[in-house]
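Trainee: Here's a structure for you.
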């Protein structure tokens, strides 16, 4: 029997960044893409992902706002999250890593191999 690929939901308002994530992970995972937090919440409720890659800086709702909504949903509250963002400021990194369920923090631009390794680690696949 073929093992089902784990589902990764990538959330970013940049189509370019979403495509880079998709290209980096598509061979090993089912990658779903969302261009906003509200779309991500709808998508995650429809098919619960195994991991969420979440940008912080997005129009309308920030990654922190989306994280709060995810943690309030009983079906999603335990889904591991990696912040994938351009924010490298230490105060933002520390705040992000202190949030419940945050497995990692990766600054864009990223190396595809580094992203794959961090996803494996967050999913305990390493």
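Rule-based calculations on the coordinates, nothing more; no lab input. Please read these numbers as outputs of a predicted model, since none were measured by experiment. For neighbour counting, all protein chains shown are included, and Cβ atoms are generated from backbone atoms with ideal geometry for every residue, glycine included.
Trainee: Mean residue ellipticity at 222 nm from the helices of the chain, using -39,500 (n - 2.57) per DSSP H segment of n ≥ 4 over the full residue count, to the nearest 500 deg cm²/dmol? Intermediate results must be reported in sequence, preceding the final value.
Mentor: Values: 5 runs with 50 residues, N = 126.
Only helices count here, giving -11500 deg cm²/dmol.
Trainee: The stretch 75-126 to the stretch 48-65: how many Å between their Cα centroids?
Mentor: 11
Trainee: From the C-alpha coordinates alone, can you work out the Kirkwood hydrodynamic radius of the stretch 7-122, in Å? Let's see the in-between values first.
Mentor: Numbers: mean 1/r = 0.0725 Å⁻¹.
Taking every pair of different Cα atoms in the stretch 7-122, averaging 1/r and inverting gives 13.8 Å.
Trainee: If you don't mind, there's one more thing I want to ask. So, R0 is 25 Å and r is the distance between the beta-carbons of residue 61 and residue 94; what FRET efficiency does that work out to, to 0.05? Numbers along the way, then the final one.
Mentor: Working: r = 21 Å, r/R0 = 0.86.
Working from the Cβ atoms, E equals 0.70.
Trainee: Which of the peptides 108-117, 31-40, 56-65 is most tightly packed, and how do the rest follow, going by the mean number of other Cβ atoms within 10 Å of each residue?
Mentor: Those peptides, ordered most packed to least, come out 31-40, 56-65, 108-117.
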